[in-house]
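The values are calculated or read from the model by the stated rules, or taken from the named source; none is laboratory data. Quick caveat: nothing in here was measured; it's all calculated off a predicted structure. Here the Cβ is made from the backbone with ideal geometry for all residues, glycine too, and neighbour counts use every protein chain on show. To get the accessible areas, we keep the full protein, side chains included, count just its heavy atoms, and leave off ligands, DNA and RNA. Shrake-Rupley method; radii C 1.70, N 1.55, O 1.52, S 1.80 Å.
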Amino acid sequence: MQGLPLDDQGLKVETVQSINCEDQGSLLYTVPTFHNPTGAVMSNDRRKELLSICQSKRLPIVEDDAYSELWFDERPPLPLKAFDKNGLVLYMGSTSKVLGFCN
Ligand SMILES: Cc1ncc(COP(=O)(O)O)c(C=O)c1O
């Protein structure tokens, strides 16, 4: 397991470029929207850049999108999965967060 640095727009995607993921079984886990605990939201441009880098490295992504439906002022960008033309992204949402929000 290797942690990657974040800034106010979430995962610093240029660091993904430099990681060694030659081993079979490598994958990237990320929370692009309302990252827990920072709350950072990855920009659209960065999402596309991340997807492009992972495609070129053939690095699968697990996108944890537990919070994207819980927005107040501005709808967040579309999930990475929305731009995934090659089945590289495994997308996970959450029912419990939405039900909790409705209470
Ligand atoms: C980023 C993130 N993903 C997933 C979960 C778990 O979601 P669920 O309650 O649907 O298992 C949490 C719970 O706190 C979370 O913070």
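Projecting the Cα atoms of Ala66, Pro37, Leu27 onto the charge dipole of the chain (Cβ charges, centred on the Cα centre) puts Leu27 farthest toward the positive pole. Sorted largest first by accessible area at a 1.4 angstrom probe radius, with every protein chain in place, the residues Val98, Val16 fall in the order Val98, Val16. Asp64 contributes about 30 Å² of solvent-accessible surface, heavy atoms of the protein only, 1.4 Å probe. The mean accessible area for residues of the chain, using a 1.4 Å probe and ignoring ligands and nucleic acids, is 66 Å² per residue.
Rounded to the nearest 20 debye, the dipole size of region 6-102 about its Cα centre is 260 debye, using +1 on the Cβ of Lys and Arg and -1 on the Cβ of Asp and Glu. Compute the angle between helix 44-57 and the longest alpha-carbon principal axis of the chain, please, reported from 0 to 90 degrees and rounded to the nearest 10. That helix lies at roughly 30 degrees to the long axis. GNM remark for the chain: springs join alpha carbons under 10 Å apart, and the peak mean-square fluctuation among Phe34, Phe72, Phe83 falls on Phe72. For the chain, with all protein chains in place and a probe radius of 1.4 Å, 50% of the accessible heavy-atom surface sits on carbon or sulfur.
When DSSP assigns beta bridges and you keep just the ones with both residues in the chain, what percent turn out antiparallel, to the nearest 5? Bridges in the chain that DSSP calls antiparallel: roughly 20 percent. Here the 3J(HN,Hα) profile of region 84-89, calculated from phi with Karplus coefficients 6.51, -1.76 and 1.60 at θ = phi - 60°, is 7, 8, 10, x, 8, 9 Hz, Gly and Pro shown as x. Across the protein chains, with a 1.4 Å probe defining accessible surface, the residues Cys21, Cys102 rank Cys102, Cys21 from largest area downward. The helix-only estimate of mean residue ellipticity at 222 nm for the chain, built from DSSP H runs of length n ≥ 4 each weighted as -39500 (n - 2.57), is -8000 deg cm²/dmol after division by the residue total.
Take every Cα pair under 8 Å in the chain that's 6+ residues apart, average their separations, divide by the length, and report that relative contact order as a whole percent.
Details: 135 pairs, mean separation 26.7, N = 103.
Taking the mean separation of contacting Cα pairs over the length of the chain, I get 26 percent.
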